[in-house]
Amino acid sequence: MTDRFAGKSVVVAGGTGGLGRAVTLAFLEESARVMVTYRNEDEFAALNEAAGDHAERLLGSPIDVTDEPKVRKLAENLVKDIGVDALVNAIGAYAGGTPLWQTEAKVLDHMLDLNLRSGFVLSRVFISIMLSQARGAMVNVSARAAVDHAAGAAAYAASKAAAVAMAECLAADLKGTGVRVNSVLPSIIDTDANRRAIPAADYTKWPKPAEIAEGILFLCSEEARLIHGASVPVYGNF
């Protein structure tokens, strides 16, 4: 690991989940100060323990990021304390397994809240801060389903495709500002939750959270200063 993010402050929304945890730990390893949002206290406690000596640079806030007033208050306090150099939106959820005509409307609402509205709120709050600094990077975690539309996943795929479209529009809005926005598109990730959900699967080929985290850190780094408005597949060639 390097110290690419020494002196930098990063927000990882959903920073205690399967992928978010790996992203958070990777940023800490590279000397960043990291604020995570989370909903599960046990997950944050586990993350804090896993951070080891880096835990002194880890902060957490148990908020719902679809609640814009709460996110705005968090951001205001964060800017006063450590600033914001990068934002990763690792919040998301999956629902599927039924054809569209058997999918309840509340499932679509849930997918849109977690997979789309979360990014909308985070962008509204944190991009305005980055614009005032004339610098910053945001990475939104979408999914392969945004471009590869399988049966039984209409609500999920629609929400992820919308998230990619929103990020691309945001990137167009930000041209020339010094603020960059990109998306990553994982397939199914090798997490404990996914192994439990699909116990018969061959998970040896699933991308590991740490592997995807490497790509996310690259997109947030100065090395990726020429990459803006991209939707990057991170699911290998199988």
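Just a few scattered comments:
- Estimated distance in nm for a label pair at ARG135 and ALA200, the labels positioned 7 Å out from Cα along Cα-to-Cβ: 5.3 nm
- The residues neighbouring ASP67, those whose beta-carbon lies less than 13 Å from its own, together hold a net charge of +3 under the Lys/Arg +1, Asp/Glu -1 convention.
- The phi-based Karplus calculation (6.51 cos²θ - 1.76 cosθ + 1.60; θ = phi - 60°) puts the 3J(HN,Hα) values of region 50-65 at 5, 5, x, 5, 7, 4, 5, 9, 10, 10, x, 9, x, 10, 8, 6 Hz, whole numbers, x for Gly and Pro.
- R0 of 22 Å, Cβ-Cβ distance CYS169-HIS110: FRET efficiency to nearest 0.05: 0.40
- In sequence order, calculated HN-Hα J values of region 104-110 (Karplus, 6.51, -1.76, 1.60; Hz; x Gly/Pro): 6, 4, 5, 5, 4, 4, 5
- Between the amide H of GLY60 and those of VAL36, distances stay under 5 Å, these residues lying 5 or more places away or on another chain, with hydrogens modeled in the peptide plane.
- Calculated on the alpha-carbon coordinates, the convex hull of region 9-233 measures out at 122 cubic angstrom per residue.
- Residue (of LEU78, ALA172, VAL107) at the positive-pole extreme of the chain, dipole from beta-carbon charges: ALA172
- The dipole here belongs to region 9-233: it is taken about the Cα centre, uses +1 on the Cβ of Lys and Arg and -1 on the Cβ of Asp and Glu, and is about 520 debye.
- Net charge of Cβ neighbours under 12 Å - reference ILE127; Lys, Arg +1; Asp, Glu -1: +2
- Helical contribution to [θ] at 222 nm, DSSP H n ≥ 4, -39,500 (n - 2.57), averaged over the chain, rounded to 500: -12000 deg cm²/dmol
- Residue-wise HN-Hα couplings along region 217-223, as the Karplus relation 6.51 cos²θ - 1.76 cosθ + 1.60 with θ = phi - 60° gives them from phi, are 4, 4, 5, 7, 8, 5, 4 Hz; Gly and Pro carry x.
- Under a 5 Å amide H cut-off, with hydrogens placed 1.01 Å from N, LEU87 pairs with VAL11, ALA137, MET138, VAL139 among residues at least 5 apart or on other chains.
We did not get these values from a lab; they are worked out from the coordinates using the rules stated. Keep in mind the model is a prediction, meaning the values are calculated, not measured. Heads up, the Cβs are rebuilt from the backbone with ideal geometry, glycines too, and the neighbour counts pull from every protein chain shown.
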